[in-house]
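Please read the structure below before turning to the comments.
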């Protein structure tokens, strides 16, 4: 049985055009900070909506402990879930913006010796 050898060739990365936008931009860190602040506001608003969506009732009954009941208002609960979902997407984008702000250019690939 013979083993086939595969020759690999490294292709150099093309140089970016002079007017093309670059991925590594430190100003993206400011965008990430703004998104984190917006996430904090959205989470606070979501908590407020959730608290408005949960209503507790207590009905007094003679000679027994009061009857407790909880009502969930779907519009407020739904708004809270939607706000948290938007906040989650913004967190992911903030992480992406931070990585693009601090990431340096990739290293040149080193050719591995054939074994």
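The values are calculated or read from the model by the stated rules, or taken from the named source; none is laboratory data. Owing to the predicted nature of the structure, the values given are computational and were not obtained by experimental measurement. Note that each Cβ is placed from the backbone with ideal geometry, even for glycine, and that neighbours are counted across all protein chains shown.
Structural remarks
- The one condition from (1) touching a helix residue (DSSP H, G or I) at 6+ places or on another chain (Cβ under 8 Å); (2) modelled with pLDDT under 90; (3) farther than 19 Å from residue 91 by Cα that residue 49 does not meet is (2).
- For residue 89, the conditions (1) within 25 Å of residue 29 (Cβ to Cβ); (2) in contact with a helix residue (DSSP H, G or I) (Cβ under 7 Å, 6 or more places away or on another chain); (3) modelled with pLDDT of 95 or more all hold with the exception of (2).
- Taken together, 60, 14 contain a single residue that is modelled with pLDDT under 95 and in a loop (DSSP other than H, G, I, E, B), which is 14.
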